[in-house]
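These notes concern the structure reproduced below.
The values are calculated or read from the model by the stated rules, or taken from the named source; none is laboratory data. Remember, predicted model here, so these are calculated numbers, not experimental data. Backbone-built Cβ (ideal geometry, glycine too); neighbour counts: all protein chains shown. Heavy atoms of the whole protein, side chains included, go into the accessibility calculation; ligands, DNA and RNA do not. Shrake-Rupley method; radii C 1.70, N 1.55, O 1.52, S 1.80 Å.
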Amino acid sequence: MIYFDINKVSDFQVVERFIRYVQIDTESDPHATSFPSTEKQKDLSRLLVSELQQMGITDAHLDEYGYVYATIPSNTDKEVPVICFCSHVDTSPDCSGKDVKPLIHTDYQGQDIVLPDDPSVIIKYNEHPDLRHQLGHDIITASGTTLLGADDKAGVAEIMDATRLLMDHPEIKHGEIKLLFTPDEEVGQGVEYVDLKKLGAQFGYTIDGEKAGTIEDETFSADGVRVIIHGISVHPGFAKGKMVSALKVAADIIADLPKEKLSPETTVEKEGFIHPTEMKGGVDKAEINFIIRDHHTAKLAEYEDILQRIIENVVASYPGVSYAFDVKEQYRNMKEVLDQHPEIMEVGLEAIKRVGLAPERRSIRGGTDGSRLSFMGLPCPNVFAGGHAFHGKMEWISKQDMEKAVLTILHIARIWEERSGK
C-alpha cells in the first residue's frame, strides 16, 4: 500500500471557507432566554450542513437546538475509537460580528497593520509578539469596525476543509469520525443540549485554540455568582433617614473587591480571580453578576467565601438592606478528566509534531466546549485554530497557520488508526 504523505496536501480551501463563514453574522446574546440565544447562528449551521452533504456526508443535519451533527465513515478494517472534532459557530458579543469585511494582507513583513475602515485601529508589531512568527505569511484581519470571527470560525473552516480532504483522499486511513458544530459557546451554553448518545464518540478534540502548535488540556474551573441587593425605596423628596439605595450598596461592594490580587487585571498563568461582569438596578433592587475562576476547583469555594464576607460587611453598614447570593456551576478544569486518558493528548502532540511544529502543551485562562464535554463523558482537549487577539477589532489569523491546523486534524485521524489493532 502506498503511504499517502499528508504534509504534501496543497489543495486547501480553508481560507475561502473562512472568508465565506465570517461574513455571516452569528453573534450570540448573553441576555437571551432562548436556545440558541440568536436564531442567526443557524444561518451558518445550515450552510455547513449543505456543504457537508455536497461532500457526501449523508447524515449531516441541523437539530432543533442549532447543533450540526455529521459522520465521516471509517475506511479501515481496524477497530478504531470513534473520535469527534468540534468547533462553535457563534462569535463573541463583546464586539460586533455584523458586516465583517475580511482582508488578506499578503507576505507580511513585520509592519504595523492599519485597518482601513478605522485607521485608529492598528495591529502593532511590538504589541502582538506572535507576529514575530508570521513573517512571509498572509495575515487575515477584519476592516476595523468589527471583530474578525476567527474565534471560532477558523476552527469551523479547518474541520470542514479537513473533512473534504478525508473524503477526497481515501488513502488517509481513519476510523469513524464524528463532527459537532455548536452554538452559544461564547455565552457559556455551547453544549447545554448536545446529545452525546447520538454523537456516539469516545474521545474528542475542540479546534478552538490560539497559537499554531499549541494544544490545551487544562482550563479554569468556573462558577457564576448572582448577587441581588434589596434596598429601601422612598420618594427622593422625603428620603432623609429613610432611603437606602441598592445601587449604592452594590457600588460599595464593587469598591471593596481586592485590587492587587484576585482580579483578572492583576493575575497571570494559573492565578484565579473574582470578577464582576455586570451591575444593574436602581434604588429598590440591584444585581451584580460575578465570574469566579481558578485552575484548582477547590479554590472556587474559597473565593466565594471571600466575596460573601465582603458583601456581608458592606450590607451590615446599611440598616434594613438584605441580599441573596446564588452560585451556579459553569464548568470544571478538563485536566481532571483528561489525565485519566493520556492517549488523547499523546495523539494530539504527535500530530502537531508531524506537521513540522514544536508541540506546546498549554493551560487556558478560560474554558472551552471541551471543558463541559469532558465532564459529560467526552474527554476533549483543545487544539490550536491559529487565531489571535480574540473578541476585538484587532483579531487576526494567518493563512499558513490555518493550513497547519487542517493538516493536524488529518494527522490526528490517521494516528488513531495507526495505533489501533485489528
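Structure summary
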item: Residue within the range 47-70 that is over 21 Å from residue 402 (Cβ atoms), touching a residue at least 12 places away in the same chain (Cβ under 8 Å), crowded, with 16+ Cβ neighbours inside 10 Å and among the charged types (D, E, K, R) present; result: no
item: Residue list for the range 254-296, restricted to those being small (Gly, Ala, Ser), in contact (Cβ under 8 Å) with a residue 12 or more places away in the chain and not in a strand (DSSP E or B); result: 263, 272, 282
item: Test set (1) polar (S, T, N, Q); (2) surrounded by 19 or more Cβ atoms within 10 Å (Cβ to Cβ); (3) part of a helix (DSSP H, G or I) - residue 333 fails condition number; result: (3)
item: Some residue of the range 398-406 being on the phi > 0 side of the Ramachandran plot, in contact (Cβ under 8 Å) with a residue 24 or more places away in the chain and not in a helix (DSSP H, G or I); result: no
item: Odd one out for residue 263 among (1) open to solvent by less than 20 Å² (accessible area, probe 1.4 Å); (2) under 30 Å from residue 387 (Cα atoms); (3) in contact with a Gly (Cβ under 9 Å, 6 or more places away or on another chain); result: (3)
item: Cβ pairs under 6 Å, 6+ apart, first in the range 4-25 and without any contact (Cβ under 8 Å) to a residue 60 or more places away in the chain, second open to solvent by 30 Å² or more (accessible area, probe 1.4 Å); result: 24/43
item: Selection count where residues are assigned to a helix (DSSP H, G or I), open to solvent by less than 20 Å² (accessible area, probe 1.4 Å) and either in contact with a Gly (Cβ under 8 Å, 6 or more places away or on another chain) or in contact (Cβ under 8 Å) with a residue 60 or more places away in the chain (or both), scope the range 337-382; result: 11
item: Test for residue 189: is it open to solvent by 10 Å² or more (accessible area, probe 1.4 Å), among the polar types (S, T, N, Q) and either modelled with pLDDT under 95 or within 22 Å of the chain's Cα centre (by Cα) (or both); result: yes
item: Considering residues of the range 297-325 that are closer than 14 Å to residue 249 by Cβ and assigned to a helix (DSSP H, G or I) only, the residue most open to solvent (accessible area, probe 1.4 Å); result: 313
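Yes/no matrix, rows are residues, columns are (1) in a loop (DSSP other than H, G, I, E, B); (2) in contact with a strand residue (DSSP E or B) (Cβ under 7 Å, 6 or more places away or on another chain):
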position: 4; (1), (2): yes, no
position: 34; (1), (2): yes, no
position: 42; (1), (2): no, yes
position: 53; (1), (2): no, no
